[in-house]
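Structure incoming, see below.
The values are calculated or read from the model by the stated rules, or taken from the named source; none is laboratory data. Keep in mind the model is a prediction, meaning the values are calculated, not measured. Using ideal geometry, Cβ is built from the backbone for each residue, glycine included, and neighbour counts are taken over all protein chains shown.
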Amino acid sequence: METQTRPEFVVELTKKSVDLSRWYTEVILKGQLADYWQIHGFQVVRPYGFALWENIQAGLDARFKATGHKNAQFPLLLPESLLTKEAEHVEGFAPEVAWVTQAGKEELNERLAIRPTSEAIIMTMYSRWIDSWRDLPMLLNQWCSVLRWEKTTRFFLRTSEFMWQEGHTAHRSAEEAREETMRMLEIYRDFVEGELAIPVVPGRKSEAEKFAGAAETYTIESLMPDGQALQSATSHYFGDRFAKAFNITFQDMDGVRKHVHTTSWGLSWRIIGALIMVHGDDAGLILPPKVAPVQAVIVPIPGRGGEDGGVTEAVNAAERALRRQFRVEVDRSDRSPGWKFNEWEMRGVPLRIEIGPRDVRSGQAVLVRRDSREKSSAPLDGLVAAVEARLADVHAGLFARARALREERTSSVATVAELAATIREQPGFKMASWCGDAACEQTVKERTGATIRCLPFDSQGQTGACLVCGRPGPHRVLLARAY
Ligand SMILES: [Zn+2]
């Protein structure tokens, strides 16, 4: 694979350990994941970045389908009157909505919103499609882009237009809808940890932090290397609020007409921003093996004086064998091996396979892990098993490293003053007790810049003194500054 980038680019890369923000932008541009667009806040995703998104999409889509969901496609635009049907929902999104007011030379009678999310669109259709208990549950998902006009933007993490999936479901009962909400949150947790090697904290959002119009919002939160939290996916339980606003009723088995209970859940390409930041190092990207567009790169090493020594044949055989199971590239360009090593390291390929004349003579290849740079050899006729094992090692290594960093950056605080001091000096996840009062939550935000990221499931039932007012708090909360 040829590249247009200048040979000296690798030495120009800012160190992650020195300037995370600059490093982040540089690896995205130099790693050819994305590029700028002429309108502020929008990005172009290049093939290497889009392949990463497609692999994430494929993994999640399979899980959605395995749990009974089907994909559909809904329109980009909705009339203002629909968006305003659920009051809290429109209030939450109003500042970020972009409007279409003109078509050709015609001024439109009613302005049209570019979807910031599709609850209002899909609920309108559900009110037409749902009539009987036999139509339930309705379990739909849509892969699409939505638009929320953002002032401060960054590649993948916060873009005005972003790609995501949004699942929307309708159920006979509150219990069933709640089960669905939790089922989807668990799918996200399992996927993000199991496929992307990013450890997350699952929990419930506070009233102030929940999704506009939701009765309950659940989240998985991950920790970035600068100590800021990233909301990685959310799952919402709406109760019958949207059903009432959009008049979605069904005739139940007992003959009575009832409102449905709905949910929605979403994960966007900001998860790509998370995996870049969590796993990368000073040499560039490190992509988690299960979603990496290229899982292994084979670099042929020429012999002295350019002798082939059976390398071409061995490389071709290795490529054929590995292609059946892995996403593999062979770098046959005329660059030096050292240049190729740097290039593929910078682009985050999890495993490098080196084959030279000496390796061919001994029937071996050299395997180099991207995460630890650990070298090992494997027999040429046993490459498939060796690559499979090393990729699993890379995944486990990335997850363990990310979890260790998170644990190191997680501590408890007793008071808001302590939070304010430690969040500046040692940014990270802070655990504290909270009385549940919105005023105390607001005080925390104003005085520290940190927000309640969630009420983690695994730490509920522990009481303590509220970090603001000192009253006994029934909640244990996870606090952090956030992206
Ligand atoms: Zn309090």
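Criterion first (assigned to a helix (DSSP H, G or I) and modelled with pLDDT of 95 or more) does ILE220 satisfy it?
No, not satisfied.
All but one of (1) surrounded by fewer than 21 Cβ atoms within 10 Å (Cβ to Cβ); (2) of a type in the set (A, V, I, L, M); (3) under 28 Å from the mean Cα position of the chain (by Cα) hold for ALA414, so report the exception by its number.
Looking at each condition in turn, ALA414 falls short on (3).
Still on this structure, please answer the following. Condition check: in contact with a strand residue (DSSP E or B) (Cβ under 9 Å, 6 or more places away or on another chain) and either without any contact (Cβ under 8 Å) to a residue 60 or more places away in the chain or of a type in the set (Ser, Thr, Tyr) (or both). Does GLU161 satisfy that?
The answer is no for GLU161.
Can you name the condition, by its number, that TRP344 falls short on among (1) part of a helix (DSSP H, G or I); (2) more than 28 Å from the chain's Cα centre (by Cα)?
Exception for TRP344: condition (2).
When the residues of region 171-212 are narrowed to those that are touching a strand residue (DSSP E or B) at 6+ places or on another chain (Cβ under 8 Å) and modelled with pLDDT under 95, which ends up farthest from ARG476 (Cα to Cα)?
It comes out as PHE211.
Now for a different question. I'm told GLY213 meets every condition in (1) surrounded by fewer than 22 Cβ atoms within 10 Å (Cβ to Cβ); (2) assigned to a loop (DSSP other than H, G, I, E, B) except one. Can you identify the failing condition by its number?
Only one criterion in (1) surrounded by fewer than 22 Cβ atoms within 10 Å (Cβ to Cβ); (2) assigned to a loop (DSSP other than H, G, I, E, B) is unmet by GLY213, namely (1).
Would you mind finding the one in ILE276, ILE272 that is in contact with a Gly (Cβ under 8 Å, 6 or more places away or on another chain) and part of a helix (DSSP H, G or I)?
ILE272
Ok, one more. Sort out which residues of region 100-113 are touching a helix residue (DSSP H, G or I) at 6+ places or on another chain (Cβ under 8 Å) and either not aliphatic (A, V, I, L, M) or not assigned by TED's automatic domain parsing to the domain that holds GLU150 (or both), and write them in order of number.
Within region 100-113, GLU110, ARG111 meet the criteria.
Take the residues in region 425-469 that are more than 8 Å from the ligand (Cβ to nearest atom) and of a type in the set (Phe, Trp, Tyr), then tell me which one is nearest to VAL201 (Cα to Cα).
Only one residue fits best here, namely PHE457.
Kindly indicate the residue of region 472-483 that is at pLDDT below 95 and not in a strand (DSSP E or B) and also farthest from the ligand (Cβ to nearest atom) among those meeting that condition.
Among residues in region 472-483 that are at pLDDT below 95 and not in a strand (DSSP E or B), the one farthest from the ligand (Cβ to nearest atom) is TYR483.
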